[in-house]
Amino acid sequence: MINDKAILVGVDGSHASYKATWWAANYAKHAGLTLQIVCAYSLPSYAAVSFDATYTAMGDDNAAHSDAQEILSKAKAIADEQGVEAATLIVTGDPASVFVELSRNYNLIVIGNRGKGGLAERLLGTTSSSLPAYAYCPIVVVPYTDDDGNLMHLNNTITKVAVGSDESKWGLKALEIAADFAASWGAELDVLSAVPNLKGIDGEDDVMKSYQEDLDVRVKPLLESHPDLKINKHIVSGPAVSALTKASFDHDVVVVGSRGRGGFTGLLLGSTSQGLLQHAAGPVYVVPRKYVEAAESRLDTVPSSPAEVPTKSLEEIAGVEEIPVAKAEPEVAEQIEKTIDPDKQ
């Protein structure tokens, strides 16, 4: 049963998606949320485009369905290793549009990013069905490697969170969510505000002072709502993408709105080869446009939580099937975990 206390993680048989499953299960356990795992495929060419290279044998719908269940069983075993019991779903058809509809029902959707190909590429593309732009709940994108192909280690405990801040409604919501997220872990929050390179420009000091004052105004409500949260404010000169990508190397999570102004324009939805999602070395927590705009026509406010977005039953969403699967043996999960994160203790 879908509920407003659930996290959804998408898997396609790739190690990147299993890494996303590990992150989602770890967070679900910490936050006291339930976990659901979904595998998506499309026919007739599901084997070529939907699943990881491990699952390449062509076949009919029964074969695809069987492969999806095997993938789900492995992901379920990974969640079980962390003490999280997960429900499982199968999606047939175009995953991007189905995931957008499913996003009405969840607190968070988590997907892995392994670069070209697979589920993540179809959900993170710059088409009109791009998930970070149109989802009704926040999205976390978990990278598998950095740009040099080095495997990314994920920590069980989150101690440092960074957030890209601007004055837009998306930026303000991202700031609020980042503060709540950091506070829930007892983590430190770094607030980054990107500004143009002003070096050598007349009045540089006055302009920078103005930017700093604007940032102080945005952060002040957080200091009042989270008096115990350690917040560090940073004005960074130059492209926001560079600043946040750099932050991803020494922060456990980077939070950003998907439709910011100023320094954050195009941060997520521009060229995928240039965007934060393609170059981040750690999980990116995206606050989507639709999530922020969901209640504006009614109250001119944003939802305080995804639970305030109207839900849809599974029967109303074409191509979604809730199907129970047995989890794989613990040895299978242990081997996958060794592969996806050799440094994990």
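The values are calculated or read from the model by the stated rules, or taken from the named source; none is laboratory data. Small disclaimer: the values here were computed from a predicted structure and weren't measured. Positions of Cβ are backbone-derived with ideal geometry, glycine not excepted, and every protein chain shown enters the neighbour counts.
Per-structure values
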| quantity | calculated |
| --- | --- |
| Those helices (runs of 4 or more DSSP H) lying entirely in region 250-345 with at least 3 residues modelled with pLDDT of 55 or more and either more than 18 Å from ASP146 (Cα to Cα) or in contact with a Cys (Cβ under 7 Å, 6 or more places away or on another chain) (or both) | 289-293, 330-340 |
| Looking only at region 151-183, and only at residues there that are assigned to a loop (DSSP other than H, G, I, E, B) and β-branched (Val, Ile, Thr), the one that is surrounded by the fewest Cβ atoms within 10 Å (Cβ to Cβ) | THR157 |
| All positions within region 199-228 that are surrounded by 10 or more Cβ atoms within 10 Å (Cβ to Cβ), modelled with pLDDT of 80 or more and not in a helix (DSSP H, G or I) | HIS226 |
| Residue that is modelled with the highest pLDDT, among those in region 131-150 that are of a type in the set (Val, Ile, Thr) and surrounded by fewer than 24 Cβ atoms within 10 Å (Cβ to Cβ) | VAL140 |
| Residue match in region 198-221 (condition: in the same structural domain as ALA240 (by the TED database), among the hydroxyl-bearing types (Ser, Thr, Tyr) and within 30 Å of HIS15 (Cβ to Cβ)) | no |
| Positions within region 319-331 being hydrophobic (A, V, I, L, M, F, W, C) and loosely packed, with under 15 Cβ neighbours inside 10 Å, in sequence order | ILE323, ALA326 |
